[in-house]
Each structure stands twice: as structure tokens, then as C-alpha cells.
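The values are calculated or read from the model by the stated rules, or taken from the named source; none is laboratory data. In this text the structure is predicted, and so the values were computed from the model without any measurement. Every residue, glycine among them, receives a Cβ derived from its backbone with ideal geometry; neighbour counts consider all protein chains shown. In case anyone asks, the SASA skips ligands and DNA or RNA and just uses the protein heavy atoms, side chains included. Shrake-Rupley method; radii C 1.70, N 1.55, O 1.52, S 1.80 Å.
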Amino acid sequence: MSRLNGYFLTDKGKVRDHNEDAGGVFFNPHKQLIAIIADGMGGHKAGDVASQMVISSLKEKWNKTENAITSPEAAEIWLSESIKETNNSVFTYSQQHVECAGMGTTVVAVICTLDFISIAHIGDSRCYLSNSQGFKQVTEDHSLVNELVRTGQISKDDAEYHPRKNVLLKALGTEKDVNVDIQTIGWDKNDKLLLCSDGLSNKVSELELDSALKQFVSLEDVAQHLINIANERGGEDNISLTLVHYNDSQEEGES
């Protein structure tokens, strides 16, 4: 059994007629894992075109990884180059197809090795880490309200109910060039990652996210439980999450 277990689940919610989220957990030929969430936006179902293009592109590039990724530098270069190439593809497609003009998507993608995780993101889809120190959000939203909080213009509580909560400052595919936020952190056995779209993070508190990760043994149960909560609270948006568990169940010496 792999030391890294991953699970992806998405739900269109209670209100939307289609799902513009996409995501997945993919292994490269070297049995290394990448977890991704993308939350698309744009009229006439263009959002799901953008998010699916991101997942397909990154999955294809990951499947073609020639060498195992053994350093944070290599992981960060892979994320930077792959996401920039994908951004270019989405932007070009939106220019060439009038029905997709202006489409874009958030993305959060995490390369998971046994020694470290490298996290790239654009937009307000999030990555959280659960470890022995607690539960915390690792990414910082590229959103108007987060910028207002960061600069002290409004409080975190105000941000929850701000009328322009959904305004993004940055997205993938909306411009020719994009700057990706990338960071690498260490992690250890038993740590868990949660990647999600704002359809989940807008409805479920950090305390509840943390509690679910502790309460349920299987990643499938965690995912379904959290989607159920978001739907019970209105489910106005698509809801998606990807979970990764650094499993410590293998004996020493096993491969």
C-alpha cells in the first residue's frame, strides 16, 4: 500500500445547475502524488471548461514526469512551469472561443513526497494542513476581502459577510501571464492535507474541518461528511475537496 493516500470528491451543491469545480489525485510513474482543486468561473458553462482544462493539463504533465522529484527546488520548478504553461493554454483557448471569453479558474496544487510538500495556488481555493501542531490554512486567498483584512481595513469577522467576498484579485487563464504563489513545507507521518474550493470553506469553519479529519478514519467519510454540512447550510456553490493522508501503517523496510 502506498504511504500516501488521496481522495477527491465534488458535488454541484443545492442551487447551481452544473458543476464548475474539478480536481483529483494523480500518481506519476515514480509513485509520487499530486493533489489538485480548481474552481472555474465564466458565463455559459465556460468555468467548467477552464477548470477541466487545468486538471487535464496538469495530470498529463504529471504522467510524463521523466525523473522522480527529489528536492523542493525541483517540485517548485515543476509547479511554476506547468501552471504557467496551463495558464497560457486556458488564456489562448478563451481568446479563440467567443463563448469562453473571460473564463478563468482558481487552482491549488500540491506535490506530496515523503519528505516535503510543495504547494502552488492562484485564487481562493485553499490548502489546509493538519499535523501534531494543530490545523492551519497554508495558502493565502488572492481575494479582495483577504487584501482588506491583510491591510487592516476590515476584520476577519467582517470578511465573512462582506458583499464582495467572491471578488478575486488573481485567477488562472484570465491574463496572458500569471504569478503563482509557491511554497514548500515539511510534513510527517499521520499528517493530512485538505484542499478545497470556497464552496466548502465558506460554509464550514476551520474548527469543523479539523474535527472531521479527527473524527473519521477513512478519507471518503471525511469528504462526504463535509460536503453534507455545506449542503445542509444552503449549498449555494459547488463543493469540492481533495484529501491526502501521509500513512504511517507500513513497517520499516517495506517498500
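Couple of notes before you dig in:
- Condition check for Arg164: of a type outside the set (S, T, N, Q) and in contact with a helix residue (DSSP H, G or I) (Cβ under 9 Å, 6 or more places away or on another chain): yes
- In the condition set (1) touching a residue at least 12 places away in the same chain (Cβ under 8 Å); (2) surrounded by fewer than 17 Cβ atoms within 10 Å (Cβ to Cβ), Asp17 is compliant with all but (1).
- Any hit, segment 71-79, residues being exposed (fewer than 12 other Cβ atoms within 10 Å of the Cβ), free of Cβ contacts under 8 Å to residues at least 40 places away in the same chain, over 16 Å from Val25 (Cβ atoms) and not aliphatic (A, V, I, L, M): yes
- Qualifying residue in segment 155-173 (condition: out of contact with any Pro (no Cβ under 7 Å at 6 or more places or on another chain), polar (S, T, N, Q), modelled with pLDDT under 95 and at negative phi): yes
- Residue ranges of strands (runs of 3 or more DSSP E) in segment 43-139 with at least 3 members modelled with pLDDT under 95 and farther than 26 Å from Val204 by Cβ: none
- Residue count for segment 123-140, restricted to those that are of a type in the set (Val, Ile, Thr) and open to solvent by 20 Å² or more (accessible area, probe 1.4 Å): 1.
- Any hit, segment 76-83, residues being over 12 Å from the mean Cα position of the chain (by Cα) and within 14 Å of Leu193 (Cβ to Cβ): no
- First in segment 97-114 and among the small types (Gly, Ala, Ser) and open to solvent by less than 10 Å² (accessible area, probe 1.4 Å), second anywhere and part of a helix (DSSP H, G or I) and at pLDDT 95 or above, Cβ under 6 Å, 6 or more apart: Gly104/Ala50
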